Amino acid sequence: MVNKTKKLKKKILLVFFSHRLIDLEDHLSREMSCPSRHIYCLTCLQYSMEKFARTRSIPLCHLTLCDYELSRCDIAFIPLERRISDRLFQLAKGQQRPQCSKCYFYIDVNEIEDFYDHIDGCDGDLVPCKYCFCPYSIDQLEDHTVQCRNDKSSQNDKLVYFIMKRTKYPFTKEQIQIFIQQKKKENSGDLDPLTVVNALAVFGNNLILEKISYDSSYRTDISM
(Lines give C-alpha, C1' and ligand atoms only; values in the text may rest on other atoms or scores of the structure.)
Protein backbone atom coordinates (compact mmCIF):
# COMPACT_ATOMS: atom_id res chain seq x y z
CA MET A 1 0.00 0.00 0.00
CA VAL A 2 1.28 3.45 -0.89
CA ASN A 3 0.14 6.88 0.29
CA LYS A 4 -0.51 9.23 -2.59
CA THR A 5 -0.95 12.50 -0.76
CA LYS A 6 1.39 14.43 -3.08
CA LYS A 7 1.98 14.33 -6.80
CA LEU A 8 4.26 11.40 -7.53
CA LYS A 9 7.58 12.16 -9.18
CA LYS A 10 8.31 8.53 -9.95
CA LYS A 11 6.07 5.89 -11.44
CA ILE A 12 7.81 3.02 -9.64
CA LEU A 13 6.53 2.44 -6.11
CA LEU A 14 7.09 -0.06 -3.31
CA VAL A 15 3.95 -1.91 -2.24
CA PHE A 16 3.23 -2.20 1.48
CA PHE A 17 2.03 -5.83 1.64
CA SER A 18 4.32 -7.73 -0.67
CA HIS A 19 7.29 -5.34 -0.72
CA ARG A 20 7.35 -5.56 -4.50
CA LEU A 21 7.86 -2.73 -6.95
CA ILE A 22 4.97 -1.73 -9.19
CA ASP A 23 4.78 0.41 -12.26
CA LEU A 24 1.78 2.77 -12.14
CA GLU A 25 1.50 2.60 -15.92
CA ASP A 26 1.22 -1.17 -16.26
CA HIS A 27 -2.42 -1.26 -15.03
CA LEU A 28 -1.55 -3.81 -12.35
CA SER A 29 -2.37 -1.47 -9.46
CA ARG A 30 -5.47 0.24 -8.09
CA GLU A 31 -5.83 3.57 -6.33
CA MET A 32 -8.49 3.64 -3.62
CA SER A 33 -11.07 6.39 -3.07
CA CYS A 34 -10.00 7.04 0.51
CA PRO A 35 -8.71 10.54 1.43
CA SER A 36 -5.09 9.30 1.35
CA ARG A 37 -5.62 7.68 -2.06
CA HIS A 38 -3.75 4.52 -1.09
CA ILE A 39 -2.35 2.47 -3.96
CA TYR A 40 -2.33 -1.33 -4.01
CA CYS A 41 -0.94 -3.83 -6.44
CA LEU A 42 -3.76 -6.07 -7.63
CA THR A 43 -2.32 -9.15 -5.93
CA CYS A 44 -2.34 -7.43 -2.52
CA LEU A 45 -5.75 -5.90 -3.03
CA GLN A 46 -7.35 -9.14 -4.19
CA TYR A 47 -5.82 -10.99 -1.25
CA SER A 48 -7.24 -8.51 1.28
CA MET A 49 -10.68 -8.53 -0.39
CA GLU A 50 -10.78 -12.32 -0.33
CA LYS A 51 -9.95 -12.23 3.38
CA PHE A 52 -12.79 -9.79 4.08
CA ALA A 53 -15.16 -12.04 2.12
CA ARG A 54 -13.96 -15.19 3.90
CA THR A 55 -14.38 -13.67 7.37
CA ARG A 56 -17.60 -11.91 6.37
CA SER A 57 -16.18 -8.57 7.56
CA ILE A 58 -17.03 -5.12 6.29
CA PRO A 59 -14.43 -4.44 3.55
CA LEU A 60 -12.05 -1.61 4.43
CA CYS A 61 -9.21 0.05 2.56
CA HIS A 62 -6.87 -1.50 5.13
CA LEU A 63 -7.76 -3.58 8.15
CA THR A 64 -5.55 -1.63 10.60
CA LEU A 65 -4.20 1.46 8.83
CA CYS A 66 -7.17 2.95 6.97
CA ASP A 67 -10.79 2.66 8.14
CA TYR A 68 -12.32 3.92 4.90
CA GLU A 69 -15.31 1.63 4.28
CA LEU A 70 -15.44 0.42 0.70
CA SER A 71 -18.65 1.07 -1.15
CA ARG A 72 -20.18 -1.13 -3.81
CA CYS A 73 -18.78 1.30 -6.34
CA ASP A 74 -15.25 0.73 -4.98
CA ILE A 75 -15.67 -3.03 -5.15
CA ALA A 76 -17.03 -2.92 -8.69
CA PHE A 77 -13.71 -1.52 -9.93
CA ILE A 78 -11.65 -4.31 -8.38
CA PRO A 79 -11.20 -7.39 -10.61
CA LEU A 80 -12.45 -10.24 -8.42
CA GLU A 81 -14.04 -13.63 -8.85
CA ARG A 82 -17.81 -13.31 -9.09
CA ARG A 83 -18.41 -15.24 -5.87
CA ILE A 84 -16.05 -12.91 -3.99
CA SER A 85 -17.52 -9.69 -5.37
CA ASP A 86 -21.09 -10.93 -4.73
CA ARG A 87 -20.29 -11.60 -1.08
CA LEU A 88 -18.50 -8.26 -0.66
CA PHE A 89 -21.49 -6.47 -2.17
CA GLN A 90 -23.59 -7.90 0.63
CA LEU A 91 -21.05 -6.93 3.29
CA ALA A 92 -20.23 -3.42 2.06
CA LYS A 93 -21.84 -0.49 3.80
CA GLY A 94 -22.10 1.09 0.40
CA GLN A 95 -22.76 4.60 1.69
CA GLN A 96 -19.51 6.26 2.71
CA ARG A 97 -18.41 8.60 -0.06
CA PRO A 98 -14.82 9.42 -1.03
CA GLN A 99 -13.53 12.87 -0.16
CA CYS A 100 -11.80 15.19 -2.60
CA SER A 101 -8.45 16.29 -1.17
CA LYS A 102 -8.70 19.64 -3.00
CA CYS A 103 -12.21 21.02 -2.40
CA TYR A 104 -12.76 18.83 0.71
CA PHE A 105 -16.32 17.98 -0.27
CA TYR A 106 -17.37 14.35 -0.59
CA ILE A 107 -18.18 12.94 -4.00
CA ASP A 108 -21.44 11.24 -4.87
CA VAL A 109 -19.93 8.43 -6.93
CA ASN A 110 -23.35 7.30 -8.07
CA GLU A 111 -23.65 10.46 -10.12
CA ILE A 112 -20.04 10.98 -11.17
CA GLU A 113 -19.05 8.42 -13.78
CA ASP A 114 -15.39 8.49 -12.88
CA PHE A 115 -14.11 9.51 -9.44
CA TYR A 116 -10.74 10.40 -10.88
CA ASP A 117 -12.26 12.83 -13.36
CA HIS A 118 -13.32 14.90 -10.39
CA ILE A 119 -9.91 14.64 -8.73
CA ASP A 120 -8.08 15.59 -11.91
CA GLY A 121 -10.48 18.41 -12.78
CA CYS A 122 -10.80 19.94 -9.31
CA ASP A 123 -8.29 22.60 -8.32
CA GLY A 124 -10.01 23.48 -5.05
CA ASP A 125 -10.64 27.06 -6.20
CA LEU A 126 -14.38 27.49 -5.66
CA VAL A 127 -16.37 30.69 -6.16
CA PRO A 128 -19.73 31.32 -4.45
CA CYS A 129 -22.79 31.80 -6.64
CA LYS A 130 -24.24 35.31 -6.22
CA TYR A 131 -27.75 33.88 -5.94
CA CYS A 132 -27.50 30.82 -3.67
CA PHE A 133 -23.99 31.54 -2.29
CA CYS A 134 -22.95 27.90 -2.75
CA PRO A 135 -19.39 27.43 -4.03
CA TYR A 136 -18.74 26.14 -7.54
CA SER A 137 -15.66 25.78 -9.71
CA ILE A 138 -14.99 28.38 -12.38
CA ASP A 139 -15.89 25.84 -15.07
CA GLN A 140 -19.30 25.20 -13.50
CA LEU A 141 -20.12 28.67 -12.24
CA GLU A 142 -21.44 30.27 -15.44
CA ASP A 143 -23.89 27.48 -16.27
CA HIS A 144 -24.95 27.17 -12.66
CA THR A 145 -25.55 30.93 -12.31
CA VAL A 146 -27.92 30.93 -15.28
CA GLN A 147 -29.83 27.98 -13.88
CA CYS A 148 -29.84 29.36 -10.34
CA ARG A 149 -31.13 32.76 -11.45
CA ASN A 150 -34.17 31.10 -13.02
CA ASP A 151 -34.73 28.68 -10.16
CA LYS A 152 -37.50 29.96 -7.88
CA SER A 153 -36.55 27.68 -4.99
CA SER A 154 -35.65 29.33 -1.71
CA GLN A 155 -32.01 29.92 -0.83
CA ASN A 156 -32.32 27.38 1.98
CA ASP A 157 -33.63 24.72 -0.40
CA LYS A 158 -30.72 25.38 -2.76
CA LEU A 159 -28.28 25.07 0.14
CA VAL A 160 -29.81 21.79 1.24
CA TYR A 161 -29.72 20.34 -2.28
CA PHE A 162 -26.08 21.41 -2.68
CA ILE A 163 -25.11 19.76 0.61
CA MET A 164 -27.07 16.55 -0.12
CA LYS A 165 -24.71 15.68 -2.98
CA ARG A 166 -21.54 16.42 -1.02
CA THR A 167 -21.86 14.79 2.40
CA LYS A 168 -19.77 11.89 3.66
CA TYR A 169 -22.93 9.80 3.98
CA PRO A 170 -26.21 10.20 2.07
CA PHE A 171 -28.97 12.01 3.94
CA THR A 172 -32.49 13.02 2.98
CA LYS A 173 -33.55 16.60 2.40
CA GLU A 174 -35.54 16.61 5.63
CA GLN A 175 -32.59 15.33 7.67
CA ILE A 176 -30.29 18.06 6.41
CA GLN A 177 -32.97 20.71 6.92
CA ILE A 178 -33.39 19.69 10.55
CA PHE A 179 -29.63 19.57 11.12
CA ILE A 180 -29.14 23.07 9.67
CA GLN A 181 -32.06 24.39 11.70
CA GLN A 182 -30.50 22.97 14.84
CA LYS A 183 -27.11 24.50 14.06
CA LYS A 184 -28.69 27.88 13.42
CA LYS A 185 -30.25 27.77 16.88
CA GLU A 186 -26.84 27.01 18.38
CA ASN A 187 -24.98 29.54 16.27
CA SER A 188 -26.46 32.86 15.11
CA GLY A 189 -23.90 33.24 12.31
CA ASP A 190 -24.32 32.05 8.74
CA LEU A 191 -23.41 28.45 7.96
CA ASP A 192 -21.32 27.82 4.89
CA PRO A 193 -21.80 24.48 3.06
CA LEU A 194 -18.40 23.02 3.94
CA THR A 195 -18.96 23.71 7.64
CA VAL A 196 -22.24 21.78 7.51
CA VAL A 197 -20.64 18.93 5.54
CA ASN A 198 -17.78 18.65 8.04
CA ALA A 199 -20.19 18.70 10.99
CA LEU A 200 -22.27 15.91 9.47
CA ALA A 201 -19.10 13.89 8.83
CA VAL A 202 -18.15 14.10 12.51
CA PHE A 203 -21.56 12.81 13.60
CA GLY A 204 -21.37 9.90 11.20
CA ASN A 205 -24.17 8.00 9.52
CA ASN A 206 -25.77 5.98 12.33
CA LEU A 207 -25.60 8.69 14.99
CA ILE A 208 -27.14 11.41 12.87
CA LEU A 209 -29.93 9.13 11.68
CA GLU A 210 -30.80 8.24 15.27
CA LYS A 211 -30.55 11.82 16.44
CA ILE A 212 -32.80 13.15 13.70
CA SER A 213 -35.30 10.30 13.72
CA TYR A 214 -36.08 10.53 17.41
CA ASP A 215 -35.55 14.19 18.25
CA SER A 216 -39.04 15.48 17.50
CA SER A 217 -38.44 18.91 19.03
CA TYR A 218 -36.82 20.01 15.79
CA ARG A 219 -39.39 18.49 13.49
CA THR A 220 -41.95 21.14 14.35
CA ASP A 221 -39.65 24.05 13.67
CA ILE A 222 -38.64 23.82 10.02
CA SER A 223 -39.23 27.04 8.16
CA MET A 224 -37.05 26.35 5.15
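Observations on the model:
- Qualifying residue in the range 87-110 (condition: aliphatic (A, V, I, L, M), modelled with pLDDT under 90 and within 13 Å of the chain's Cα centre (by Cα)): yes
- Per the listing 99, 95, 90, the residue uniquely surrounded by 19 or more Cβ atoms within 10 Å (Cβ to Cβ) and on the phi < 0 side of the Ramachandran plot is 99.
- Any hit, the range 164-174, residues being under 24 Å from residue 125 (Cβ atoms) and free of Cβ contacts under 8 Å to residues at least 40 places away in the same chain: yes
- If the condition is being at pLDDT 80 or above and more than 16 Å from residue 163 (Cα to Cα), then the range 119-130 contributes 120, 121, 122, 123, 124, 125, 130.
- Index of the failed condition, residue 26 passing every other in (1) modelled with pLDDT of 85 or more; (2) among the charged types (D, E, K, R); (3) assigned to a loop (DSSP other than H, G, I, E, B): (1)
- Residue 104 passes every criterion in (1) surrounded by 13 or more Cβ atoms within 10 Å (Cβ to Cβ); (2) on the phi < 0 side of the Ramachandran plot apart from (2).
- Just one of the numbered conditions (1) without any contact (Cβ under 8 Å) to a residue 24 or more places away in the chain; (2) part of a loop (DSSP other than H, G, I, E, B); (3) within 18 Å of residue 195 (Cα to Cα) is not true of residue 152: (3).
- Of all residues in the range 40-70 being outside any strand (DSSP E or B) and under 17 Å from the mean Cα position of the chain (by Cα), the one that is farthest from residue 84 (Cα to Cα): 70
- So residue 173, is it in contact with an Asp or Glu (Cβ under 9 Å, 6 or more places away or on another chain) and modelled with pLDDT under 90: no
The values are calculated or read from the model by the stated rules, or taken from the named source; none is laboratory data. Please read these numbers as outputs of a predicted model, since none were measured by experiment. For neighbour counting, all protein chains shown are included, and Cβ atoms are generated from backbone atoms with ideal geometry for every residue, glycine included.
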